[in-house]
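Input: a single structure, listed below in structure tokens.
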Amino acid sequence: MKRMVTVVLMLLLGVVAGYAQQNPVRMKYSGSELTTAFLLQGPDTIIAGEEKLAGDGSLGQFTYRAIRGDDVTTLTITDACPNGNIPVTEGEGIFRFSDGSLMTVEITGGAICIDASQIGHLTETYQVTGGTGRFQNATGELSLNGTLNVVLNDASGNPLLLTNTGEFDGTVIGVAGSK
């Protein structure tokens, strides 16, 4: 009987450890950015952007869609960002993986640094807030480092459609199963 209890405990601990596993994340992506008319909870000076990305990496093939707010009223000029550094203030996103699982994230910060060549260097930070399927109990932190290039401007010369290429990395905890 004592041996049976020990075996059962070992099996249960193995299952729990599988669910609590930390997964280092590294995922390359490409896609598009679109300035939208969506209004987020922030002030009217927040410009909303829609991200549509796709890629592959340590968690499997994925698509990512997010709505993000950028505060253009606090744009700063620096040597590294002579055409502006725009804070990323808020947003939410959803990763969809090839097995149908979804992982949700909250955008907690970041910035778009526009260099002398008018290239945007996007950084974003995320808090993993859960999901469905194998990400139902997931938590963790991710970051994005990407490059933005303007494809189309609006009538006032403001970027409307951009390419976005780069990489997500970080740690996700509590992913059930494998990709």
| HN-Hα J in Hz across the stretch 122-139 - Karplus 6.51, -1.76, 1.60, θ = phi - 60°, x for Gly and Pro | 9, 10, 9, 10, 9, 10, 6, 10, x, x, 10, x, 5, 9, 3, 10, 6, 9
| query | Which ³J(HN,Hα) values, rounded to whole Hz and listed in residue order, are derived for the stretch 103-113 from phi using the Karplus coefficients 6.51, -1.76 and 1.60 in 6.51 cos²θ - 1.76 cosθ + 1.60 with θ = phi - 60°, glycine and proline given as x? | reply | 10, 9, 9, 10, 7, 9, x, x, 6, 10, 9
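Each value in this text was obtained by applying a stated rule to the coordinates, not by laboratory testing. Since the model is a prediction, treat every value here as computed from it, not as a measurement.
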